[in-house]
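First up is the structure itself, then whatever we jot down about it.
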Amino acid sequence: MRILALESSCDESAVAVYDDTAGLLSHQIHSQIDLHRIYGGVVPELASRDHVRRLLPLLKTALTDAQTSPRQIDGIAFTAGPGLIGALLTGAALGRSLAFAWGVPAVAVHHLEGHLLAPLLEDDAPPFPHLALLVSGGHTMLIDVTAPGSYALLGETRDDAAGEAFDKSAKLLGLPYPGGPELAKLAAAGRSTRFDFPRPMLDRAGLEFSFSGLKTAVALAVKKAGTLDDATKADIAASVQAAIVDTLVVKTLRALEHTGHDALVVAGGVGANRLLRERLAQAVERQGAKVFYPRIEFCTDNAAMIAVAGMARLKAGRHESAAIRARATWSLSELGPLSDLAIS
C-alpha cells in the first residue's frame with residue numbers, strides 16, 4: 001500500500017509519500033521561519049496563505065521524487081489537528097479534495113500521533129509496548145503506547161509546555177524566533193549553576209508537569225540583572241535548559257518505573273535538544289532500558305510522520321471513506337488533466 005501525506009498544522013508545509021513495504025519514498029518540507037521571524041512568532045493568517053502557495057508545488061515534487069502516479073496512491077493522509085485552524089483547513093481541504101478526485105480514502109491524522117509514531121521511520125524502530133515522552137512547543141506528555149492507535153496518557157503539563165518555557169525564556173533574553181533552538185545554542189556557552197531556577201513538581205509524587213513557575217522565575221532573574229551582558233544571557237540560558245531537562249528526565253524515569261517498560265520514545269521538537277538526549281540516554285541505560293528517537297529532521301513538524309500514522313489508520317480501516325477501486329478507476333478516467341496531476 002502507498003499513501004500520500006500532508007502536514008500544515010502550523011508553520012511548515014510538508015508532503016510525503018510512504019510505502020508500507022519500501023518505506024519512505026520521498027518527503028518535501030518548506031519552513032516559514034523567515035516569514036514569521038520579523039514578527040517574533042507565527043502569524044496565523046500569513047501561515048495559512050503560505051500553505052496555500054506551497055502545498056501544491058511540494059505535492060508535485062514529492063510524487064516525482066517517489067516516482068509515483070496518482071493511480072498508485074491508496075490513501076491521502078492529512079493533519080486534522082491540533083494546530084492553527086486556518087493552516088489545518090488548507091491541508092484538510094487539499095487532502096479531502098485529492099481523495100475525492102482520485103477515489104481513495106481520506107485519513108485524518110492527529111498531529112501528536114504523528115510525532116509518537118515518527119521513530120517507526122528509522123531502521124532501529126522501537127518495540128511495542130513502550131513509554132513515550134512527547135515534548136513540543138505546545139505539549140509535554142508521558143504516554144503509554146501499547147500499539148499504533150492504542151495510547152494511555154500517564155501525565156501532562158498543567159500549564160506551559162517545555163517548548164513554551166524554552167521559547168518564552170528566549171524571548172525574555174531578546175533571542176530571535178524560533179526561540180527554543182536559539183536558547184539551546186546560547187546555553188552551550190553558559191554556566192548552568194549560576195541561576196538556581198525551580199524544577200517544578202519534582203517534590204511531589206506523580207507524572208504531571210508545570211513550567212509556568214519557571215517562566216516567571218526567568219522573568220524575575222532578567223529584571224533583577226538589569227542590563228544583560230553576553231555572559232549573563234548565556235548563564236541564564238544554560239540554567240533554564242538545565243531546569244527543563246532535569247524535570248523531564250526525573251519524570252520520565254518515574255514513568256518507566258511505573259510502567260515497567262524497557263523502551264522509551266522521545267518525540268516532538270524539544271526531543272532534538274542535545275542535552276536532553278545525552279541525559280536521557282545515560283539515565284535510561286542505568287535503568288536497563290533503551291531510548292529511541294526519530295532523526296532530527298523528523299522531530300519537528302513533517303509529513304513523513306503523518307504518513308506513518310496515516311498508513312496505520314488506513315490498514316486498520318480508520319478513515320473517512322472507503323472508495324472501491326472500480327469507482328476510483330472510473331473517476332480518474334473522467335477527471336482528465338487531474339488524473340495526471342496537471343495542477344498549478
- [ ] Can you list which of the chymotrypsin sites (Phe, Trp or Tyr not before Pro) found in segment 26-122 are DSSP loop residues with at most 10 other C-beta atoms within 10 Å?
- [x] Y39
TODO: Taking the chain as the reference, fit the longest principal axis to its C-alpha atoms, fit the long axis of helix 274-286 to the helix C-alpha atoms, and give the angle between the two in degrees, 0 to 90, nearest 10.
DONE: 80
Open item on the list: To test your reading of the geometry: what angle, between 0 and 90 degrees and rounded to tens, separates the Cα axis of helix 230-259 from the longest principal axis of the chain?
Closed with: 70
Task: Listed residues L228, L202, M141: farthest to the positive end of the dipole of segment 113-269 (Cβ charges) - done: L228
TODO: Using a 10 angstrom cutoff on alpha carbons, build the Gaussian network for the chain and name the most mobile of G310, G83, G91.
DONE: G83
Task: Fraction of antiparallel bridges per DSSP, the chain only, in percent to nearest 5 - done: 60
Task: the chain, accessible surface, carbon-and-sulfur percent (1.4 angstrom probe) - done: 53
Task: the chain: proportion of alpha-carbon pairs further apart than 37 angstrom, % - done: 22
- [ ] Divide the volume of the convex hull of the Cα atoms of segment 1-119 by its number of residues and quote the answer in cubic angstrom per residue.
- [x] 98
TODO: Inverting the mean 1/r over all pairs of different Cα atoms, compute the Kirkwood radius of segment 111-265 and quote it in Å.
DONE: 16.4
- [ ] Enumerate lysine pairs in the chain that are 8 or more residues apart or on different chains, then count those whose Cα atoms are under 26 Å apart.
- [x] 24
Task: Net dipole in debye of the chain [+1 Lys, Arg Cβ; -1 Asp, Glu Cβ; about Cα centre; nearest 20] - done: 320
- [ ] Kindly give the semi-axes, whole Å and largest first, of the ellipsoid equivalent to segment 256-312, taking each as the square root of 5 times a Cα gyration tensor eigenvalue.
- [x] 23, 15, 7
Task: Per residue value of the accessible surface for the chain (all protein chains in place, 1.4 Å probe), Å² - done: 43
- [ ] Check each of the trypsin sites (Lys or Arg not before Pro) in segment 119-215 and keep only those in coil by DSSP with at most 10 other C-beta atoms within 10 angstrom; list them in order.
- [x] R204
- [ ] Return one number: the angle in degrees, 0 to 90 and rounded to the nearest 10, between the long axis of the Cα atoms of helix 85-102 and the longest principal axis of the Cα atoms of the chain.
- [x] 30
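The values are calculated or read from the model by the stated rules, or taken from the named source; none is laboratory data. Predicted, not measured: the structure shown is a model, and the values here were computed from it. Positions of Cβ are backbone-derived with ideal geometry, glycine not excepted, and every protein chain shown enters the neighbour counts. Side chains are part of the model used for accessible areas, which takes the heavy atoms of the whole protein and leaves out ligands, DNA and RNA. Shrake-Rupley method; radii C 1.70, N 1.55, O 1.52, S 1.80 Å.
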